[in-house]
Amino acid sequence: MSPANHPPRHVAIIMDGNGRWAKKRGLPRLMGHRAGASNVHPVVRIFAGGGVKYLTLYAFSTENWNRPKVEVTGLLRLLAERIEQEIQAFHEENIKLVLIGRPDMLPRKLKQKVAAATELTRNNTGLTLCLAFDYGAHDEIVRAVQRIIGAGIPADRVDEAVFSRYLYTGDIPDPDLIIRTGGEIRLSNFLLWQAAYSELYFTPVLWPDFGQEDIEKALSEYRLRRRRFGSV
């Protein structure tokens with residue numbers, strides 16, 4: 001099967017390179033994260049305008065809690081700021097916001113902002129923006145198993161379809177294309193179950209610099225891929 005005649009339905013991005021972007025400019029790491037956060041909305045608009053229906057952004061991993069406390073605190077504050085500043089514009093652009101990950105670890109006020117943002121946009125029918133925050137694929141899989149057991153589903157009734165429904169992305173299609181910025185070539189515990197047949201694209205461009213031209217390159221590369229899903 002060739003994807004050449006249509007855009008990917010679901011694009012997922014590992015937004016890497018904020019710290020190095022700041023270091024190159026002699027700035028604190030948090031300034032790099034702020035620049036990266038400012039790049040989210042322009043990128044969302046580009047993908048929405050290109051016919052992509054789902055966009056998942058890897059914003060904060062379960063492992064990121066191990067970073068210096070000042071950086072973690074700054075990232076949490078930055079998320080709260082961006083939601084407050086951007087959510088009305090997202091709503092007006094018919095974008096639906098969902099959070100995938102572990103909201104129980106977030107500060108109370110941030111959880112309230114996230115809940116209000118998702119409620120405001122829940123009936124929007126344009127692009128669905130999935131923000132992966134406090135997300136880790138290993139954790140997601142373990143929690144899916146726990147939920148299946150908790151639901152009392154017998155082992156012989158558990159197949160791939162059932163298991164997928166108990167993931168954070170239960171009602172979201174698997175990504176057709178996963179992009180990683182910043183030059184690293186790995187998935188870093190991101191959507192490991194869902195990525196089974198995703199096309200992977202790695203670019204050295206740092207996330208704050210990732211824009212229209214870089215997106216067009218990624219989509220052009222995607223159109224060259226032949227997706228066989230295990231068949232000939």
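Of the numbered criteria (1) loosely packed, with under 13 Cβ neighbours inside 10 Å; (2) under 30 Å from E199 (Cβ atoms), the one D134 fails is (1). Checked against the criterion of being in contact (Cβ under 8 Å) with a residue 24 or more places away in the chain, surrounded by 13 or more Cβ atoms within 10 Å (Cβ to Cβ) and acidic (D, E), the candidates E84, E93 yield just one match: E93.
In region 96-105, what residues are surrounded by fewer than 18 Cβ atoms within 10 Å (Cβ to Cβ) and either outside any helix (DSSP H, G or I) or at pLDDT 90 or above (or both)? Selection gives R102 alone.
Would it be correct to say that D139 is touching a residue at least 24 places away in the same chain (Cβ under 8 Å), outside any helix (DSSP H, G or I) and acidic (D, E)? In short, no. Is it true that some residue in region 107-117 is over 18 Å from the mean Cα position of the chain (by Cα), exposed (fewer than 12 other Cβ atoms within 10 Å of the Cβ) and at pLDDT below 95? The answer is yes; a qualifying residue exists. Within region 190-213, take every residue that is part of a helix (DSSP H, G or I) and surrounded by fewer than 19 Cβ atoms within 10 Å (Cβ to Cβ) and give me the one that is farthest from the chain's Cα centre (by Cα). So, considering only residues that are part of a helix (DSSP H, G or I) and surrounded by fewer than 19 Cβ atoms within 10 Å (Cβ to Cβ), the one farthest from the chain's Cα centre (by Cα) is E213.
Scanning region 28-54 for residues that are closer than 18 Å to L131 by Cβ and in a loop (DSSP other than H, G, I, E, B) yields N39, V52, K53.
Matching residues to (1) of a type in the set (S, T, N, Q); (2) in contact with a strand residue (DSSP E or B) (Cβ under 7 Å, 6 or more places away or on another chain); (3) within 19 Å of A12 (Cβ to Cβ); (4) in contact (Cβ under 8 Å) with a residue 40 or more places away in the chain:
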| residue | (1), (2), (3), (4) |
| --- | --- |
| L57 | no, yes, yes, yes |
| S61 | yes, yes, yes, yes |
| R67 | no, no, no, no |
| L76 | no, no, no, no |
| A80 | no, no, no, no |
| M105 | no, yes, no, yes |
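Taking region 10-28 as the range and being touching a Pro at 6+ places or on another chain (Cβ under 9 Å) and of a type in the set (G, A, S) as the test, the residues that pass are A12, G17, A22.
The values are calculated or read from the model by the stated rules, or taken from the named source; none is laboratory data. Not measured: the values here are computed from a predicted model. Neighbour counts run over all protein chains shown; Cβ positions are idealised from the backbone, glycine included.
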